[in-house]
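This report refers to the structure that appears directly beneath it.
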Amino acid sequence: MGVSKIFIAGSGGQGILLMGQMLAYAAMLEDKAATFMPSYGPEMRGGLANCTVVISDKPISCPVIYEADLVVAMNMPSKEKFTSLVKKDGILLFNSSFEETGARRDDIKTVALPVNDIALEMGNAKIANMIMLGEIIRNYPVVEAESIEKVIDKVFTGKKAALVPLNKKAFRGEFK
């Protein structure tokens, strides 16, 4: 496997940090080394938020990255700001509910998915991040889908346990 470097960005309140935490947690369930480094502006909800996840089969010496194998952009400002982080032959995965135009680079793979539109069709705007998390695993299988589903069970507890079936359905891509 080597080292996988993932950068996820969007607006506060879109579940950006939760996606990163879940990837790191799933990696740990698989006995991989993982780091999670969140970053968000003082505005919190609505301001830019991002996180870096590094997953490896060996110890990770530094969680800071200067290029990423995968960049996930949940909004337009993040796509514009962070596309340059995608390394050559890497992947840009973006939310096309806001813009359908791909990256202005021909040395990367670009995948567009209208996650907000799909979430609304499924009846809950808050599951857009789980739809995107599923798309991450389908395009860049850094952890097993089953590990993410175990993490969903552990993260959504108490009152949120009722959301587990819908979140798993969104993650699995059962909206097509």
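Every read-out reported here was derived from the displayed coordinates using simple, explicitly stated rules and does not represent laboratory data. Computed from a prediction, not measured in an experiment: that's the story for all the values here. Don't worry about glycine lacking a Cβ; one is built from the backbone with ideal geometry, like all the others, and counts go over all protein chains shown.
Roughly how large, in nm² to one decimal, is the mean projection of the convex hull of the alpha-carbon atoms in segment 3-172?
On the way: hull surface 37.8 nm².
Computed as one quarter of the Cα hull surface, the answer is 9.5 nm².
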Filtering chymotrypsin sites (Phe, Trp or Tyr not before Pro) in segment 22-96 by DSSP loop and by at most 15 other Cβ atoms within 10 Å leaves Tyr66
Ordering of 114-124, 152-162 by burial proxy (mean other Cβ atoms within 10 Å per residue, highest first): 114-124, 152-162
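So for segment 60-101, considering every pair of alpha-carbon atoms, how many percent are separated by more than 15 Å? Present the calculation step by step, with values, prior to reporting the outcome.
Working: 364 of 861 pairs.
When all Cα pairs of segment 60-101 are counted, 42 percent exceed 15 Å.
I want the local charge near Thr83. Using Cβ-Cβ distances under 10 Å, sum +1 for each Lys or Arg and -1 for each Asp or Glu among the other residues.
Numbers: positive: Lys79, Lys81, Arg104, Arg105; negative: Glu80.
Around Thr83, the surrounding residues sum to +3.
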If the cut-off is a Cα-Cα distance under 29 Å, which lysines reach Lys168, setting aside same-chain residues fewer than 8 apart in sequence? Lys5, Lys32, Lys79, Lys109, Lys126, Lys150, Lys154, Lys159, Lys160, Lys176
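At 222 nm, what value in deg cm²/dmol follows for the chain if DSSP H runs of at least 4 each add -39500 (n - 2.57) and the sum is divided by all its residues, to the nearest 500?
Details: 6 runs with 60 residues, N = 176.
Value at 222 nm, helices only: -10000 deg cm²/dmol.
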